[in-house]
Amino acid sequence: TELTRIELDSGGGPIELYHPGDTLFANAVNTNQAVVVSSDGNARLADKNRDDILGGDAPPDEDQGGDDEGDEEGNEEAAPEVGPPGAVTNLGGTVGDGLINLSWDAAPNNGSALTKYVVEGAGETWEIAAGQRVLEIKDLENGTPYTFTVTAHNAEGEGDTATSPSITPSAEVPDPVGAVEATANNDGTVTVSWDEANGQGNEVSGYQVAAVAAGGEQSVVGEATGTTFTAPAGSLDYGTQYVFEVTTLSGTAASEPSAPSGSVTPFNVPDAPGAPLAVTAKDAAGAIEVTWTQPSNNGRDIQKYIVRAGGKEVEATTTSARIEGFSNGETVPVSIVAVNEAGESAPAETSSNTMVAPQVAISGSSSTTSVMTVNFTYDDGGGQATCKLFRSTATSAEVTEPCDGSMNTLQHYASTDHSLRIEITNPVGTAKSDTVTVRTQNINGEVFFGCSEVDSIYCNAGSEDNGGADGVAIMSGPGSGKALGYVKTGKALTAMCYTTGTTVTPRGDEQDGYHEYHKGKDSTNKWIRVNYGDNDVAYISFAWLNIAGEGKNSVGALRDCG
């Protein structure tokens, strides 16, 4: 039949043409139309969609999740040696009137993708695309035997050559079948059916089924003695569109290929999700967070994921999920499956523990003259933990911050003991450390009062007569209050802080002359709080105290008592 005209709305875009065997495919890229023309001149117009017509949009490939694993002992497996391909297998052919349909199974690529097949025979040479494994050879002499060779090639070179058995064309061939239909099943298989063929006096011995991919590559997928054939799961690429042609067989003789079926896209359940990871949720008790990577969808879009954990189940449309409601410290087994039109994938499995109460123990301490540092070890229990530093039995924390194993106090007086403890809290509970006593570093001072060297009326009078014979007074206030005791030159005291009060001048005119009681010391209103016996609060005038390592008129690192 001669076909002179095909009408096809191109939508102003290009039309792609494929010509596998005796079939012509015309695909309008910018519209939803395509035409399939069989060898008998029949033209069929069909709307394109994923499963209806060759040339439609196939489902997008999705990244395969997960990392390559090593061997059972955790070692990386050695990469396979790369080399030229192996030889093709099952090389043979069917015959027709002056023609031979040659077919073969793919050659092993040996680590380098196949680039082509080279076919030789009948005085000709053909170069065939790597995805094509069927070649129709015409213009042959009926009754004349032929043999052919096929050699696979890759980037490493050419493989071993395979030679076909002797094949003899014959004019005595059966009719092609009609009404070829294909159905993609949800188990990864494709079922092809057709009407029984007329053998034209020849006994029909079976049928050969060929798959033609959207790019035109053709391969024989199997033979049947009846009028149905099911291509096994995995024998065709999931997510790739195919049409199917059936050839009637009579011994080694064969009909012309049938008109192609409508196109179908093989599909199966998705691969298992990759890199499953379950971790303790840090912000809530009894919760875990699960992540994974998107697997191959195997020909159909992934509709959802189902996460099953410890008797609970949640659905997700992204690659993460959160599951709550478990006991504290529970070990939760987790499985994740991907779901598409074919059903659930194999599960990816992992596990996680839920949060437990935190723990804390003080491991050491240090200080400066004003700040104390407490070091501690802790276990956050798998949650977001907050640490608090308390002084003595206080109910309010002095410092609150994220836990890092060390906390500093605020500013405190020098030469002072403090009772400190740490509390750690996460969403499960709170733990308290033991109490540790930490002292700010001492600031040492030494008393100097000139009555130890001066002979004067004042220095010879006792304290009851307002004299200096007993030394200088330690007061309960800065220049006021009562005298708590008296100290003389050389007395060592530890200083806590300073404040201001009554001004003291350590020299002056008296009834028996001018006397100097602390040479080089300025008049001062500073009073130094010192540790003195069992007194909670005690002060000495800075006029009578020198701070170790400092000039006579410097308080050094001593801080204000305010």
Residue count, the range 353-381, condition touching a Pro at 6+ places or on another chain (Cβ under 9 Å) and closer than 12 Å to G286 by Cα, comes to 2
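Per-residue answers, yes or no, for (1) of a type in the set (S, T, N, Q); (2) part of a strand (DSSP E or B):
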{"position": "P478", "(1), (2)": "no, no"}
{"position": "G481", "(1), (2)": "no, no"}
{"position": "L493", "(1), (2)": "no, yes"}
{"position": "T500", "(1), (2)": "yes, yes"}
{"position": "G520", "(1), (2)": "no, no"}
{"position": "K526", "(1), (2)": "no, yes"}
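Taking the conditions exactly as written (in a loop (DSSP other than H, G, I, E, B) and at pLDDT 95 or above), does N268 satisfy them or not? Steps first, please.
Working: in a loop (DSSP other than H, G, I, E, B): yes; at pLDDT 95 or above: yes.
Here the answer is yes, as N268 does meet what is asked.
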Hey, among the residues in the range 206-230 that are of a type in the set (A, V, I, L, M, F, W, C) and more than 15 Å from A106 (Cβ to Cβ), which one's nearest to the chain's Cα centre (by Cα)?
A214
Would a scan of the range 509-521 turn up a residue that is surrounded by 12 or more Cβ atoms within 10 Å (Cβ to Cβ), basic (K, R) and within 17 Å of G445 (Cα to Cα)?
yes
A543 versus (1) touching a Ser or Thr at 6+ places or on another chain (Cβ under 6 Å); (2) surrounded by fewer than 18 Cβ atoms within 10 Å (Cβ to Cβ): which is the lone unmet condition?
(2)
Give me the pairs: first residue in the range 375-404 and over 27 Å from T331 (Cβ atoms) and among the β-branched types (V, I, T), second residue assigned to a loop (DSSP other than H, G, I, E, B) and at pLDDT 95 or above, beta-carbon distance under 8 Å, and six or more apart or on different chains, which are they?
V399/T409; V399/L410
Out of the residues in the range 229-247 that are modelled with pLDDT of 95 or more and assigned to a strand (DSSP E or B), state the one that is surrounded by the fewest Cβ atoms within 10 Å (Cβ to Cβ).
T230
Taking first residues from the range 409-438 that are within 20 Å of G329 (Cα to Cα) and second residues anywhere that are surrounded by 14 or more Cβ atoms within 10 Å (Cβ to Cβ) and among the basic types (K, R), the pairs with Cβ under 8 Å that are 6 or more apart or on different chains are I424/K388; T425/K388; K432/R421
Residue in the range 332-342 that is surrounded by the fewest Cβ atoms within 10 Å (Cβ to Cβ), counting only those that are in a strand (DSSP E or B) and not hydroxyl-bearing (S, T, Y)
P333
Mind listing whichever residues of the range 192-205 are loosely packed, with under 15 Cβ neighbours inside 10 Å and under 57 Å from the mean Cα position of the chain (by Cα)?
D195, E196
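Residues that are modelled with pLDDT of 60 or more: find the strands (runs of 3 or more DSSP E) completely inside the range 40-131 holding 3 or more of those. Spell out how you get there, then give the answer.
Values: elements: 43-47, 89-96, 99-105, 114-121, 124-129.
Where strands (runs of 3 or more DSSP E) fall fully within the range 40-131 and carry at least 3 residues being modelled with pLDDT of 60 or more, they are 89-96, 99-105, 114-121, 124-129.
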Would you tally the residues in the range 515-557 being under 18 Å from K482 (Cα atoms) and in contact with a helix residue (DSSP H, G or I) (Cβ under 6 Å, 6 or more places away or on another chain)?
2
Given the conditions (1) on the phi < 0 side of the Ramachandran plot; (2) outside any strand (DSSP E or B); (3) surrounded by fewer than 22 Cβ atoms within 10 Å (Cβ to Cβ), every one holds for G329 apart from (1)
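The values are calculated or read from the model by the stated rules, or taken from the named source; none is laboratory data. Given the structure is predicted, the values throughout are model-derived calculations rather than measurements. Quick reminder, even Gly has a Cβ in these numbers, built from the backbone with ideal geometry, and neighbours come from all protein chains shown.
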